[in-house]
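Below is one structure, written out as structure tokens, with a few remarks after it.
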Amino acid sequence: MNNVHIRDRIGTLHFIRFPTSEMENFLELAKSKGMATMASTVCATGGGAYKFENQFLQEVNLKLHKYDELDSTILGIEFIDAHNQSECFYWTNPEDDTPCQKISFDFSNPYPFLAVNIGSGVSMLVVTGPREYRRVTGTSLGGGTFLGLCCLLTGCSTFEEAIRLAANGDNTSVDKLVRDIYGGNYMKFDLPGDLVASRYVFTCIKLRFLLLVKDS
């Protein structure tokens with residue numbers, strides 16, 4: 001994000017991500033870049049703010065100022081919209097590539113809205129006003145589930161590799177579609193033939209399973 005104003009300073013806000021399994025490498029990078037000479041405290045959120053607190057202090061002499069994860073999520077949505085209004089968006093006609101368009105979401109009067117925070121698991125939050133929200137439900141089936149299944153089924157080892165495989169693969173090799181059941185569209189309920197009726201069905205059919213490739 002360019003030209004971001006934070007406490008009378010203007011600059012570019014950069015985002016990087018890495019799995020917590022790589023925290024040792026990040027701490028080595030922090031040492032080599034002399035992060036401890038630039039600041040004494042780093043703001044942090046999520047479980048890692050507690051899990052790695054002692055490591056940050058011992059290895060790079062940095063204290064972690066901890067913030068609640070869900071508070072940070074909601075404040076982050078509001079901050080990003082205030083500084084980059086094209087960041088919050090939706091797709092029109094998402095099922096058709098030709099007229100499909102990316103449209104900026106009008107956040108001038110968004111309340112109430114539902115925020116779905118997908119991490120290892122998922123939390124669903126109803127936001128009723130600035131800094132006013134409540135967690136209404138969640139699920140243990142989240143990003144960790146996706147990556148775990150991908151590793152088991154394809155042998156991949158990273159999220160990036162899983163996404164590349166998904167982009168190149170053909171889900172019809174493993175998923176049963178409406179047309180596989182009805183021979184076409186299910187007209188009574190206006191269900192198109194290419195709609196997924198059931199996931200992973202064809203992996204239990206031996207002859208089709210033998211024909212599967214890694215990115216299916």
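The values are calculated or read from the model by the stated rules, or taken from the named source; none is laboratory data. Since the structure is predicted, the reported quantities are computational estimates derived from the model, not experimental observations. Neighbour counts run over all protein chains shown; Cβ positions are idealised from the backbone, glycine included. The protein model used for the area step is the full one, side chains on, heavy atoms only, and it has no ligands, DNA or RNA in it. Shrake-Rupley method; radii C 1.70, N 1.55, O 1.52, S 1.80 Å.
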### Query
modelled with pLDDT of 90 or more and assigned to a strand (DSSP E or B): does that describe Y90?
no
### Task
Could you grab me the full set of residues in segment 1-34 that are open to solvent by 60 Å² or more (accessible area, probe 1.4 Å), closer than 30 Å to S157 by Cα and touching a residue at least 24 places away in the same chain (Cβ under 8 Å)?
P19, T20, K31
## Note on the structure
Selection over segment 43-64 where residues are within 24 Å of H5 (Cβ to Cβ) and open to solvent by 40 Å² or more (accessible area, probe 1.4 Å) yields a count of 2
### Query
Does any residue of segment 65-76 turn out to be touching a residue at least 12 places away in the same chain (Cβ under 8 Å), surrounded by 10 or more Cβ atoms within 10 Å (Cβ to Cβ) and touching a helix residue (DSSP H, G or I) at 6+ places or on another chain (Cβ under 7 Å)?
yes
### Single match in L141, L152 (criterion: closer than 29 Å to E22 by Cα, outside any strand (DSSP E or B) and touching a strand residue (DSSP E or B) at 6+ places or on another chain (Cβ under 8 Å))
L141
### Summary
Among residues of segment 20-54 being part of a helix (DSSP H, G or I) and of a type in the set (K, R), the residue farthest from D68 (Cα to Cα) is K31
### Summary
By residue number, the members of segment 115-135 that are under 18 Å from D81 (Cα atoms) and either open to solvent by less than 30 Å² (accessible area, probe 1.4 Å) or not in a loop (DSSP other than H, G, I, E, B) (or both) are A115, V116, N117, L125, V126, V127, T128, G129, E132, Y133
### Query
Limited to segment 136-176, what total is found for residues that are open to solvent by less than 30 Å² (accessible area, probe 1.4 Å) and of a type in the set (A, V, I, L, M)?
2
### Message
Just the residues that are over 11 Å from S104 (Cβ atoms), surrounded by 11 or more Cβ atoms within 10 Å (Cβ to Cβ) and free of Cβ contacts under 8 Å to residues at least 60 places away in the same chain, please, taken from segment 77-93.
### Response
I77, E78, F79, A82
### Query
Could you say which residue among N117, N84 is at pLDDT 85 or above and under 26 Å from T12 (Cα atoms)?
N117
